[in-house]
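Novice: Quick one: the structure is below, and I'll ask about it shortly.
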Amino acid sequence: MMQLEQEKLSHQLDELEEQKSQLDKIDISKISNQIAKGTLIQSDKGFLFLSIGLGKIIVDDKTVFAISPQSPLGLKLLGKKENEVVEMNGVEYKIERLY
């Protein structure tokens, strides 16, 4: 039983190290006029950070949803610009500003 638990924890650690590696590769100092990996998006529905799928995080008292570029919403957002609209499951997201 203990061996199985150690293997499970080792696998989880490997996954977390891979996610950290992916985050380390993102250059957040780049500001682009279109959405790419590492873009912070201010939409009419709130803030989205295109990085890895961490879900809801709080930064400076603001709620930010960290989503993967491979997620359904992430795929729709890639390449979009300010003032464009994407639709996901009947919900429209107007892109107000990119950081």
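Bear in mind that the values in this text are calculations on the coordinates, not laboratory data. Please read all numbers here as calculations on a predicted model, not as lab measurements. So basically every Cβ, Gly included, is an ideal-geometry build from the backbone, and we count neighbours across all protein chains shown.
Novice: To the nearest 20 debye, what charge dipole does the chain have about its Cα centre, counting +1 at the Cβ of each Lys and Arg and -1 at the Cβ of each Asp and Glu?
Specialist: For this selection, approximately 380 debye.
Novice: How far apart, in nanometres, would the label points at residue 92 and residue 44 be if each is projected 7 angstrom from Cα along the Cα-to-Cβ direction?
Specialist: Placing both labels 7 Å beyond Cα along the Cβ direction yields 0.6 nm.
Novice: Taking the Cα-to-Cβ direction at residue 60 and at residue 32 and moving 7 Å from each Cα, how far apart do the two end points lie in nm?
Specialist: 2.2 nm
Novice: Let me ask another. By how many degrees, between 0 and 90 and to the nearest 10, does the Cα long axis of helix 2-24 differ from the longest principal axis of the chain?
Specialist: The two axes meet at around 30 degrees.
Novice: Going 7 Å from the Cα of residue 19 toward and past its Cβ, which residues in the stretch 47-71 have a backbone nitrogen under 13 Å from where you end up?
Specialist: It comes to 51-57, 66-68, nothing else.
Novice: Please work out the Cα center distance from the stretch 60-79 to the stretch 26-58, rounded to the nearest Å.
Specialist: With the stretch 60-79 and the stretch 26-58 each reduced to a Cα centre, they are spaced 6 Å.
Novice: Here are some pairs, 8/76; 8/94; 30/94; 30/62; 8/80; which of them have Cα atoms lying more than 29 Å apart in this structure?
Specialist: Correct reply: 8/76; 8/94; 8/80.
Novice: Moving on to the next point. Within the stretch 1-40, whose backbone N sits under 20 Å from a point 7 Å along Cα→Cβ of residue 71?
Specialist: 15-28, 34-40
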